[in-house]
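Below you'll find the structure, written out as structure tokens, and then a few comments.
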Amino acid sequence: MPDKTPLYIRHVEAGARMVDFGGWDMPLHYGSQIDEHHAVREAAGIFDVSHMTVVDVTGQDAEDYLRRLLANDVAKLESPGKGLYSCMLNETGGVIDDLIVYCRSADNYRVIVNAATRVQDIDWMTEIADDFAVAVHEQAAFMMLAIQGPKATSLAAPLLPAALRQTAFDQTPFMSCSDGDWFVARTGYTGEDGWELVVNVDAGCRLWDEACAAGIRPCGLGARDTLRLEAGLSLYGQDMDQSTSPLVSALGWTVAWEPAERTFMGRAALEQQRMQGPEAKLVGLILEDRGIMRHGQRVLAGSGEGMVTSGGFSPTMQRSIALARVPADAVGTCQVQIRSESREARIVRPPFVRHGRILVDE
């Protein structure tokens, strides 16, 4: 049986179509995925993301441990509240997971990892922790919500504890603030402004109800996927996994090569790949023909074959878009195999849409 979030009954009562996602019973949509997508692009939507895993890393070696564990460097987090996007790699440079880590103090960090990778993530984090004076705590008693859209913060600010409202409203991207059990970060997975919040169950359920009453639309995983695809944001298990490195997943920017003496997991393998030059790259595709691009479809570029890693219909652009891994020298146009037929697509650099604006030539 799939796990259920504390909001499960509310989703069912709201008429959500429930699906199994990463071992969790989650809402796909509440009637119209397209309407939910547009609500986030134009106003505000709220997502139950309590299937995500919250892990706190504490102890005197917390910074050194995370500098070993992650490809990006937490030494960049020079003051409490700052957050950092990173990949957690295996010894061959493959991506175990992508995550966000926040500095809460010199010996206290909060890490948010994906639902489907929870077991392998915690096992790996615990294994690496054996060499450091740290404790790795999964915070299973909390739930997580995301409020996203151009009106998200203005509509949601009055719903936060008084001590947090102004601080949270004034945050810049990838900053966080806390008050008791409330943790509010200016991050998201939609390409729009907003917050991701970690709260206790009572506060989270109350926030959901108050947000819906304030006109913030409940949104499911379907809209979350089309929004992140338009924003060019990768999905673990499709656009990257343990067989692919950040260098072939358009995530090379998340690897902190300096200082050279920092020996993070997977560094030797990545340095060899960087020296040889990656054979593939992750690009955006815009379909110039009829059809819908989907994960797993073959891509035929001039110099070889590739594969669609994420694809679908863009409600904002009103056409099919995709992320695809193709040969490193592929440019211009390519052919995508859709139902045994070749359809022409154009190679572009994502993101396709951010903050409601289309960023690629249509």
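The values are calculated or read from the model by the stated rules, or taken from the named source; none is laboratory data. Note that the structure is a prediction, hence the values are computed from the model and not measured. FYI the Cβ positions are ideal-geometry reconstructions off the backbone, even for glycines, and counts take in every protein chain you see.
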**Item:** Number of positions in the stretch 224-252 that are assigned to a helix (DSSP H, G or I) and either in contact with a strand residue (DSSP E or B) (Cβ under 9 Å, 6 or more places away or on another chain) or touching a residue at least 60 places away in the same chain (Cβ under 8 Å) (or both)
**Value:** 10
**Request:** Kindly indicate whether Phe132 is assigned to a loop (DSSP other than H, G, I, E, B), aromatic (Phe, Trp, Tyr) and in contact (Cβ under 8 Å) with a residue 40 or more places away in the chain.
**Result:** yes
**Message:** Report every pair of residues separated by at least 6 positions or lying on different chains whose Cβ atoms are under 8 Å apart, first residue within the stretch 195-210 and under 18 Å from Thr53 (Cα atoms), second assigned to a helix (DSSP H, G or I) and at pLDDT 95 or above.
**Reply:** Trp195/Ala152; Trp195/Thr153; Trp195/Ala156; Trp195/Ala168; Leu197/Gly204; Leu197/Leu207; Val199/Leu207; Cys205/Arg10
**Prompt:** Only one of Pro173, Pro158 is in the same structural domain as Val198 (by TED's automatic domain parsing) and part of a loop (DSSP other than H, G, I, E, B); which?
**Reply:** Pro173
**Request:** Kindly list, by first and then second residue, each pair from a residue in the stretch 257-283 that is among the polar types (S, T, N, Q) to a residue that is part of a loop (DSSP other than H, G, I, E, B), limited to pairs with Cβ atoms under 7 Å and residues at least 6 apart or on different chains.
**Result:** Gln273/Gly93; Gln273/Ser245
**Prompt:** If you go through the stretch 99-113 one residue at a time, do you hit one that is under 27 Å from Leu235 (Cβ atoms) and among the polar types (S, T, N, Q)?
**Reply:** no
**Prompt:** Could we say that Pro27 is free of Cβ contacts under 8 Å to residues at least 40 places away in the same chain and either part of a strand (DSSP E or B) or not acidic (Asp, Glu) (or both) here?
**Reply:** no
**Message:** On the basis of being at pLDDT 95 or above, farther than 20 Å from Gln166 by Cβ, in contact with a Gly (Cβ under 9 Å, 6 or more places away or on another chain) and hydrophobic (A, V, I, L, M, F, W, C), does Ala223 make the cut?
**Reply:** yes
**Fill in**
Counted residues in the stretch 239-270 being loosely packed, with under 15 Cβ neighbours inside 10 Å and within 22 Å of the chain's Cα centre (by Cα) come to 2
**Message:** Looking at the stretch 30-74 only, could you name the residues that are in contact with an Asp or Glu (Cβ under 9 Å, 6 or more places away or on another chain) and without any contact (Cβ under 8 Å) to a residue 40 or more places away in the chain?
**Reply:** Val74
**Those residues of the stretch 75-89 which are touching a Ser or Thr at 6+ places or on another chain (Cβ under 8 Å) and either without any contact (Cβ under 8 Å) to a residue 24 or more places away in the chain or under 16 Å from Glu261 (Cβ atoms) (or both), in sequence order** = none
**Hits in the stretch 41-61 - residues which are under 17 Å from the mean Cα position of the chain (by Cα) and under 10 Å from Pro218 (Cα atoms)** = Gly45, Ile46, Phe47, Asp48
**Prompt:** Which ones in the stretch 30-72 are surrounded by fewer than 19 Cβ atoms within 10 Å (Cβ to Cβ), in contact with a His (Cβ under 9 Å, 6 or more places away or on another chain) and part of a helix (DSSP H, G or I)?
**Reply:** Asp35
**Request:** Assess whether Gly191 counts as being outside the structural domain of Ala324 (by TED's automatic domain parsing), surrounded by fewer than 22 Cβ atoms within 10 Å (Cβ to Cβ), of a type in the set (Gly, Ala, Ser) and assigned to a loop (DSSP other than H, G, I, E, B).
**Result:** no
**Message:** Going residue by residue through the stretch 253-267, is there one that turns out to be of a type in the set (Lys, Arg), under 22 Å from Cys87 (Cα atoms) and assigned to a loop (DSSP other than H, G, I, E, B)?
**Reply:** yes
**Item:** Lone qualifier among Asp20, Asp25, Asp97, Asp107 - being of a type in the set (Asp, Glu), in contact with a Phe, Trp or Tyr (Cβ under 9 Å, 6 or more places away or on another chain) and over 20 Å from Leu229 (Cβ atoms)
**Value:** Asp25
